[in-house]
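Taking it in order: structure first as structure tokens, then the write-up.
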Amino acid sequence: MPEGHSVHRIARQFRLHFVGHEIAVSSPQGRFADGARLLDGHRMIGAKAVGKQMFLQFDNDLWLRVHLGMYGAWDFAGDITADATVVSAGGRMGQTNQRGTVLDLDAAEDSLASIGAPRRTRLRMSEQEKLEAPIESFPPDPIGAVRVRLLTDEAVADLRGPTACEVQTPEQVESSLAKLGPDPLVDDLEEGEERFVRVVRKKPTPIGLLLMDQNVVSGIGNVYRAELLFRARLNPHTPGKLVPEETVRSLWRDWSYLLGVGVKTGQMLTMDGLSSEDHTKALAHRDDRHWVYHRAGLPCRVCGTNVVMEEVGGRKLYWCPADQA
């Protein structure tokens with residue numbers, strides 16, 4: 001499932017190449033035909049991500065809400081770029097959140113998918129990003145069961161396999177947003193931290209489940225959940241109300257940091273202090289970029305104890321029973 005960094009990068013694509021343009025909206029698959037008619041021919045005026053959900057705003061006071069879920073993906077094609085970074089007023093590279101704050105992302109370098117795609121290309125964006133061969137004609141024919149196609153004179157975005165794809169009024173958007181926990185790239189960081197701490201510290205629910213609850217905090221999925229808990233050396237079964245307050249605050253701050261790195265690199269890179277060689281390997285291969293995720297039965301990178309995997313809330317949880325005892 002795409003986690004928060006992926007959705008923020010997708011929203012960046014829409015801000016770069018679709019906002020400000022009149023959009024031809026269609027449903028090649030047919031399942032979104034009624035919604036497409038409501039948006040067709042209108043100008044896109046905004047695009048934002050909150051956690052795992054994205055909201056595209058049109059000039060007729062309607063929004064398109066998309067939740068990719070387990071299998072959803074956007075295919076972009078045309079004169080597009082995979083560059084997820086912006087330049088601040090001072091000229092340095094960083095990721096700007098939707099309140100205009102420039103986050104410090106100097107600790108990470110761009111992956112191949114972050115340095116810009118050639119013109120007239122195709123880019124698939126979901127949990128991972130994949131640059132494909134340049135297209136021969138524009139717009140390309142839809143591939144597979146495309147729920148909705150958004151087309152401008154220069155770019156096209158095809159949505160396939162989402163959990164949610166619906167037109168919403170401003171009131172419905174507000175209702176959707178109200179159900180979501182804080183997102184470090186959207187909310188004020190201090191206010192988001194206080195909200196996160198307040199909710200976690202009153203819950204008897206295990207912290208390993210709370211981190212996956214999008215009502216508690218937005219954007220964390222299975223990979224970031226396992227890695228955040230390991231980085232905090234925190235047992236995933238600890239009830240939220242028993243996690244020390246400073247540890248809860250550290251989880252929020254670490255999530256803010258890792259989310260920023262993910263948006264910058266396009267990868268869920270969760271290991272710090274890597275050599276230049278190991279950093280390059282980590283960007284290239286998933287197996288080299290995580291502490292415990294997907295490492296069941298393998299030695300912990302810190303203590304050597306075998307990493308365990310168990311089913312928690314219907315998802316696989318990876319953790320070290322020694323370092324996270």
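Each value in this text was obtained by applying a stated rule to the coordinates, not by laboratory testing. Values in this document were obtained by computation on a predicted structure and should not be read as measured data. Please note: Cβ atoms are built from the backbone with ideal geometry, for glycine as well, and neighbour counts cover all protein chains shown.
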Could you pull out every one of the lysines with an alpha carbon less than 16 Å from that of LYS203, ignoring same-chain neighbours closer than 8 positions?
LYS241
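State the extension gain, in nm to one decimal, for the chain segment bounded by LEU274 and LEU16, taking 0.36 nm per residue of separation less the distance between their alpha-carbons.
The LEU274-LEU16 span can extend by a further 89.7 nm.
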What percent of all Cα-Cα pairs in segment 180-319 falls into each 10 Å bin, going from 0 up to the bin containing the maximum distance?
12, 43, 35, 10, 0
Going by Cα centres, segment 226-245 and segment 1-60 are how many Å apart?
36
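Provide the packing ranking of 250-256, 222-228, i.e. peptides ordered by the mean count of other C-beta atoms within 10 Å per residue, highest first.
222-228, 250-256
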Can you tell me, using C-alpha contacts under 8 Å and at least 6 residues apart, the relative contact order of segment 132-233 as a whole percent?
17
Which order do GLU136, GLU166 fall in if you start with the one that has the fewest other Cβ atoms within 10 Å?
GLU136, GLU166
Show which lysines lie in cross-link reach of LYS281 when reach means a straight Cα distance below 30 angstrom and same-chain residues fewer than eight apart are skipped.
LYS52, LYS130, LYS264, LYS316
For LEU258, LEU209, what ranking results if the residue with the fewest other Cβ atoms within 10 Å of its Cβ goes first?
LEU209, LEU258
How do VAL217, VAL197 rank when sorted from fewest to most other Cβ atoms within 10 Å of their own Cβ?
VAL197, VAL217
Of 186-194, 58-66, ordering from highest average Cβ density within 10 Å down gives 58-66, 186-194
Note on segment 180-319: contact order normalised by length, alpha-carbon pairs under 8 Å, 6 or more apart, percent, works out to 21
Could you check how many percent of all C-alpha pairs in segment 238-325 are farther apart than 19 Å?
52
